[in-house]
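Step one of this worksheet: look at the structure below.
What follows draws every value from the coordinates through simple rules; no lab data is involved. Just so we're clear, the structure is a prediction, and the values are computed from it rather than from any experiment. Reconstructed Cβ throughout: ideal geometry from the backbone, glycine too, with neighbour counts over all protein chains shown.
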């Protein structure tokens, strides 16, 4: 596995808890054989959690984030480490982006509200 890249030190990790969500990913698959009841089996023993949350970033932080995403993460193909969205920076996680964050709505003359969607990995 590729070595995870640390979250950019120039971009804050403060999560807006309003609208944040955390859900365990279903790792069970079910299929129906020709004879007998459906069979359920575990796809993987790797437990992943999906997080969706908002952050306020200054325009400078947003520009820095985009450069970090494109160069250090190679457009999101490399995992990264950061503080846990709910537990804070004291608990580090390793994750991938499930989709590229888009510039959100401006909330002031100097800040954007950005939505992040990530999948944690063990």
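For the reader, a short list of remarks on this structure follows.
- Per-residue [θ]222 nm for the chain (sum of -39500 (n - 2.57) over DSSP H runs n ≥ 4, rounded to 500): -3500 deg cm²/dmol
- A Förster radius of 22 Å combined with the Cβ-Cβ distance from residue 100 to residue 23 puts the calculated FRET efficiency at roughly 0.65.
- Taking the C-alpha atoms of the range 49-122, convex hull volume expressed per residue in Å³: 88
- The slack between residue 32 and residue 109, meaning 0.36 nm per residue of separation minus the straight C-alpha distance, is 22.1 nm.
- Using alpha-carbon coordinates, inclination of helix 59-71 to the longest axis of the chain, degrees: 50
- For the peptides 77-89, 51-63, 96-108, 16-28, the ranking by packing is 51-63, 77-89, 96-108, 16-28, with the highest mean count of neighbouring Cβ atoms within 10 Å listed first.
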